[in-house]
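Since the structure comes first, as structure tokens, the remarks are kept for the end.
The values are calculated or read from the model by the stated rules, or taken from the named source; none is laboratory data. The shown structure was predicted, so the numbers you read here are calculated from the model rather than taken from an experiment. As a convention, Cβ positions derive from the backbone with ideal geometry for all residues, glycine included, and neighbour counts pool all protein chains shown.
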């Protein structure tokens with residue numbers, strides 16, 4: 001047994017940290033990167049978030065349209081750069097000189113034609129020949145000039161001072177001296193010697209253009225850290241839109257590099273690990289029973305992670321407002337199945353993790369933390385499912401009141417209340433009203449039992465309890481008394497009174513199969529055990545435990561209730577038949593298995609309390625007199641015997657708590673069996689005779 005317990009502890013020590021680590025990694029993975037701007041806004045629409053102030057100094061960037069307009073304006077004064085292609089001139093003149101000696105079309109011309117053409121070509125190349133498309137482009141600009149670069153110097157030239165190939169040809173033909181025939185000049189094919197020697201310089205031009213563009217400031221001013229940008233409900237005008245767009249751009253640029261992004265992820269992981277680790281340490285130091293319960297740990301971590309992941313996805317893709325998400329369900333479920341303090345701690349961790357993502361963290365935390373506390377106060381004693389519905393209305397009212405109060409405290413103007421937020425609260429309320437379905441689903445999924453379910457199970461009109469009261473009325477009355485004793489003891493030492501009360505009502509349902517064999521159901525003078533072997537009688541008595549377990553499973557009782565059926569006798573023995581067999585068979589070896597309950601022994605405070613209450617209540621019926629001394633002696637004897645037999649070794653109950661329970665049982669049994677006043681009988685008067693009556697008159 002010790003070895004298996006050690007293995008279980010080792011597995012738990014691995015499992016619990018592992019599930020916290022996995023949850024931390026999952027949350028970190030889905031956590032929205034802070035480089036992504038967290039607000040959604042449109043020009044001309046109300047600002048849907050809380051008050052926004054500048055988190056740092058940042059410039060106000062011009063809109064793309066405005067920046068383009070400014071750049072276009074300054075580019076009106078931009079002059080493109082061109083350069084002289086001297087090789088084109090040299091090649092053209094060389095070709096002309098060669099052809100004037102060798103080409104029949106030229107060498108037959110008069111020398112005056114050759115001389116004129118050559119001089120004209122030199123003059124035209126000196127002025128410059130430019131591509132016609134480039135000529136038109138520059139001519140279309142406002143300045144109609146370009147920068148002509150020669151060596152390291154660049155000079156501004158009017159575009160009209162240049163020739164195109166067409167205008168150069170016309171210059172040679174049309175402006176020839178009158179003595180020269182134009183048809184003869186045309187026959188010389190002078191266009192063969194006209195080439196563009198003014199070419200576009202893309203490198204220098206682009207550099208110069210960029211310098212011009214850089215002269216245009218991309219910003220309109222600066223916003224200082226802490227400066228108010230916009231408040232909730234205000235209309236996003238053009239100016240504010242530019243400021244918000246600038247903040248978005250700067251935020252994304254500040255976290256754009258991979259190295260910086262990695263540091264952000266590491267920082268988010270550290271924050272998430274610290275918050276999840278704090279919940280881990282809370283369970284370890286203050287709720288050790290929950291820490292050891294892997295099912296409870298899984299439930300709580302899964303619940304927290306689910307709401308954080310849902311928030312992360314919503315913030316990343318901006319599906320809907322986060323106030324629609326019913327975070328208070330974390331509080332309701334943990335409060336229902338664990339306890340109030342753990343519910344508050346789990347809610348705080350969930351809210352803080354989600355606040356790291358939302359854009360209005362302060363407002364979000366104030367609302368959610370306050371609502372979590374109000375919910376815990378409102379569900380202090382959850383005994384009816386209708387309480388969840390009533391709590392939904394309380395939560396809705398609290399949301400509205402707190403939100404309005406927060407707006408008034410921040411803005412001082414009731415008109416600043418964003419009524420759209422109230423619609424989100426209403427949707428949240430609708431989700432919360434269905435939380436009772438979640439309670440039922442969690443019960444079935446994790447095998448939990450809520451206070452509501454225990455109250456419902458404790459209803460004596462339940463089929464199983466009604467059958468017990470009809471077929472085994474003595475056992476039913478015994479169960480009722482045990483229920484009262486056990487619940488009072490549990491409440492006294494801080495155990496779960498509702499659980500032990502419900503478990504006590506069902507602990508003896510196995511007696512329904514053979515009720516007459518149990519003394520509380522027998523009529524005077526009738527004993528069905530007479531004539532039966534002691535082993536057979538013991539078997540019938542012992543069988544009420546496995547039969548009860550079987551009935552419990554068939555009726556769909558929760559495992560927590562069936563635990564009371566299994567453990568209320570532990571692995572003890574029915575001592576009446578055990579001792580009777582020993583007395584009847586002195587010196588013989590007894591088969592202990594035939595006289596032992598199947599167990600297991602109690603493993604919780606509640607199951608231990610039920611064992612004590614069951615034994616004490618049953619034995620108290622056999623007392624000859626009910627004095628404080630006799631009751632105390634009986635209680636001490638029975639419970640001390642159970643402790644000596646080691647029946648409570650697995651139960652986390654202390655000696656001090658056992659002493660408290662003993663004292664409470666004594667007081668309760670004294671009250672139950674207190675002596676009553678004997679009412680005097682009314683003496684019958686002797687009837688008067690007629691004559692005596694007349695004398696009286």
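Among the listed residues 670, 588, which satisfies the condition of being surrounded by fewer than 20 Cβ atoms within 10 Å (Cβ to Cβ), at pLDDT below 95 and in a helix (DSSP H, G or I)?
Values: 588 fails: in a helix (DSSP H, G or I).
Going through 670, 588 in turn, just one is surrounded by fewer than 20 Cβ atoms within 10 Å (Cβ to Cβ), at pLDDT below 95 and in a helix (DSSP H, G or I): 670.
Go through region 522-535 and give me each residue that's under 22 Å from residue 471 (Cβ atoms) and either outside the structural domain of residue 481 (by TED's automatic domain parsing) or buried (at least 18 other Cβ atoms within 10 Å of the Cβ) (or both). 529, the sole residue that qualifies. Between 359, 397, the distinction of being surrounded by fewer than 18 Cβ atoms within 10 Å (Cβ to Cβ), at pLDDT below 85, assigned by TED's automatic domain parsing to the domain that holds residue 278 and farther than 26 Å from residue 291 by Cβ belongs to 359 only. When every residue of region 427-436 is checked against the conditions, none turns out to be closer than 23 Å to residue 320 by Cβ and more than 24 Å from the chain's Cα centre (by Cα).
In region 195-203, is there at least one residue being at pLDDT 85 or above and farther than 30 Å from residue 121 by Cβ? Even if it seems obvious, please write down each step before you answer.
First pass over region 195-203, keeping only residues at pLDDT 85 or above: 195-203.
Those left that are additionally farther than 30 Å from residue 121 by Cβ: none.
Scanning region 195-203 turns up no residue that is at pLDDT 85 or above and farther than 30 Å from residue 121 by Cβ.
Looking across region 558-574, the residues that are outside any helix (DSSP H, G or I) and either in contact with a helix residue (DSSP H, G or I) (Cβ under 6 Å, 6 or more places away or on another chain) or buried (at least 23 other Cβ atoms within 10 Å of the Cβ) (or both) come down to 568, 569, 570, 573, 574. Among helices (runs of 4 or more DSSP H) entirely within region 106-224, having at least 1 residues that are under 60 Å from the mean Cα position of the chain (by Cα) and at negative phi singles out 202-214. In this structure, residue 580 does not qualify as in a loop (DSSP other than H, G, I, E, B), out of contact with any strand residue (DSSP E or B) (no Cβ under 6 Å at 6 or more places or on another chain), surrounded by fewer than 21 Cβ atoms within 10 Å (Cβ to Cβ) and assigned by TED's automatic domain parsing to the domain that holds residue 464. Kindly check whether there is at least one residue in region 127-147 that is surrounded by fewer than 17 Cβ atoms within 10 Å (Cβ to Cβ), farther than 20 Å from residue 191 by Cβ and touching a strand residue (DSSP E or B) at 6+ places or on another chain (Cβ under 8 Å). Yes, that holds for at least one residue.
Of the helices (runs of 4 or more DSSP H) contained entirely in region 406-521, those carrying at least 2 residues that are surrounded by fewer than 20 Cβ atoms within 10 Å (Cβ to Cβ) and either touching a strand residue (DSSP E or B) at 6+ places or on another chain (Cβ under 6 Å) or modelled with pLDDT of 90 or more (or both) fall at 419-433, 463-471, 473-493.
Yes or no, residue by residue, for (1) in contact with a strand residue (DSSP E or B) (Cβ under 7 Å, 6 or more places away or on another chain); (2) over 17 Å from residue 56 (Cβ atoms); (3) modelled with pLDDT of 85 or more; (4) in a helix (DSSP H, G or I):
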| site | (1), (2), (3), (4) |
| --- | --- |
| 241 | no, yes, yes, yes |
| 253 | no, no, no, yes |
| 267 | no, no, yes, yes |
| 274 | no, yes, yes, yes |
